[in-house]
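Notes follow once the structure below has been shown.
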Amino acid sequence: MASTETMNISDYIKKINKVESMLEEIKQGLSYFDKELQDSINRGERDIGEGKVTICKTEDDLDAFFKLV
């Protein structure tokens, strides 16, 4: 009976290791996403600081902006 218990524990540990590996992949993906998001925010803030923005106050302004893009 001890070998059955050991086998079950061994299988359980393998499952834990697999889940840990999957969670690490998710963690790395989120880290990459966070870096990309922070980079985008930094670029936006830099553009605002340098005056590289278009302000649309009316619907006509917005329509004209999208015609340019």
Practice task
Go through the residues of segment 37-48 one by one and say whether even a single one is surrounded by fewer than 10 Cβ atoms within 10 Å (Cβ to Cβ) and either in contact (Cβ under 8 Å) with a residue 12 or more places away in the chain or not β-branched (Val, Ile, Thr) (or both).
Solution key: no
Practice task
Output the number of residues of segment 49-69 satisfying the condition of being in a helix (DSSP H, G or I), surrounded by fewer than 10 Cβ atoms within 10 Å (Cβ to Cβ) and not basic (Lys, Arg).
Solution key: 5
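Read the figures in this text as sums done on the coordinates, not as results from a lab. Because the structure is a prediction, the values reported are computed rather than measured. Backbone-built Cβ (ideal geometry, glycine too); neighbour counts: all protein chains shown.
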